[in-house]
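The values are calculated or read from the model by the stated rules, or taken from the named source; none is laboratory data. Since the structure is predicted, the reported quantities are computational estimates derived from the model, not experimental observations. Cβ coordinates were reconstructed from backbone atoms using ideal geometry, including for glycine residues, and neighbour counts include every protein chain displayed.
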Amino acid sequence: MEQTTIWVILLAVFVALSVGLAIALAAVSYALRRSKKPEREVHVEYLRPDYTRSAGFRLDTLPDDDILTPTRYWLVDGEIAEVEYSVAYSDDITFRVAPTGNLQVPDKYAGFDYESLGSYPVGDVDVTLQQSPGRASIMNWTRDGFDYAVFAPGAEMNLMGGVSQQFVTDSSAVYGR
């Protein structure tokens, strides 16, 4: 065999091995990226629910009485308002508001399989209830360019039904200036 032919064959084998190795490394890299857990949410605490400078909106009104008491205000991932509520005679709940399409389930409520329990009107707003069997429950609605949601731990559907009217009617978000 000619020496040139041997070099061409060796070069072809080298190129084939290099391409195969590159494909294998790309597949491993892709698999590693897909298997990583999503990043945790970033919470920044606020003294009041005015996120105008950071997110362009504020919570204009919120439920606040002897039964539902806001205890902490957060901005999550730079775009989601979160209010922690102390609820008399029950577990604490989480209330979130974000511009329509940006609302996310909090980390501690993610990972459950939620089943829809149906929708019902509160005034002119349709409220949807969802529950993970024996676990967390979610109540959500959309109004005036914002998505709203209340998250409760455990099987607190009675709680959700009891506070739904108050949250829907007493909560509003507005874009700030």
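In the set Leu159, Leu117, Leu129, which member is over 27 Å from Asp66 (Cα atoms), in contact with a strand residue (DSSP E or B) (Cβ under 6 Å, 6 or more places away or on another chain) and among the aliphatic types (A, V, I, L, M)?
After ruling out the rest, the residue left standing is Leu117.
Considering only residues of the stretch 111-145 that are within 18 Å of Val168 (Cα to Cα) and in a loop (DSSP other than H, G, I, E, B), which is nearest to the chain's Cα centre (by Cα)?
That would be Gly145.
Could you check the stretch 48-69 and list, in sequence order, the residues that are in a strand (DSSP E or B), within 16 Å of Ala173 (Cα to Cα) and in contact with a helix residue (DSSP H, G or I) (Cβ under 7 Å, 6 or more places away or on another chain)?
Matches in the stretch 48-69: Arg58, Thr61.
Looking only at the stretch 123-153, count how many residues are small (Gly, Ala, Ser), surrounded by fewer than 14 Cβ atoms within 10 Å (Cβ to Cβ) and at pLDDT below 95. Walk me through how you get there before you give the answer.
Residues of the stretch 123-153 that are small (Gly, Ala, Ser), as a first pass: 123, 132, 134, 136-137, 145, 149, 152.
Among the residues that remain, those that are also surrounded by fewer than 14 Cβ atoms within 10 Å (Cβ to Cβ) are: 123, 134, 145.
When the remaining residues are screened for being at pLDDT below 95, the result is 123, 134.
Looking only at that region, the number is 2.
Can you tell me how many residues within the stretch 75-106 are in contact with a Pro (Cβ under 9 Å, 6 or more places away or on another chain), buried (at least 16 other Cβ atoms within 10 Å of the Cβ) and polar (S, T, N, Q)?
Number satisfying all stated conditions: 1.
Do we have Arg72 as part of a strand (DSSP E or B) and within 16 Å of the chain's Cα centre (by Cα) here?
Working: part of a strand (DSSP E or B): yes; within 16 Å of the chain's Cα centre (by Cα): no.
In short, no.
Would you point out which residue out of Ala173, Ala149 is touching an Asp or Glu at 6+ places or on another chain (Cβ under 8 Å), among the small types (Gly, Ala, Ser), within 24 Å of Asp107 (Cβ to Cβ) and not in a loop (DSSP other than H, G, I, E, B)?
On the way: Ala149 fails: touching an Asp or Glu at 6+ places or on another chain (Cβ under 8 Å).
None of the others qualify; the one that does is Ala173.
Going by what's in this entry, would Pro63 be described as loosely packed, with under 11 Cβ neighbours inside 10 Å, under 18 Å from Ile138 (Cα atoms), assigned by TED's automatic domain parsing to the domain that holds Ala136 and at pLDDT 90 or above?
Working: loosely packed, with under 11 Cβ neighbours inside 10 Å: no; under 18 Å from Ile138 (Cα atoms): yes; assigned by TED's automatic domain parsing to the domain that holds Ala136: yes; at pLDDT 90 or above: yes.
When the stated conditions are applied, Pro63 does not pass them.
When the residues of the stretch 78-91 are filtered to those that are among the charged types (D, E, K, R) and touching a residue at least 24 places away in the same chain (Cβ under 8 Å), which remaining residue is farthest from Asp66 (Cα to Cα)?
Step one: list which residues in the stretch 78-91 are among the charged types (D, E, K, R), which gives 79, 82, 84, 91.
Checking the rest, the ones that are also touching a residue at least 24 places away in the same chain (Cβ under 8 Å) come to 79, 82, 91.
On the way: Glu79: 29, Glu82: 20, Asp91: 15 Å.
Per the criteria, the residue is Glu79.
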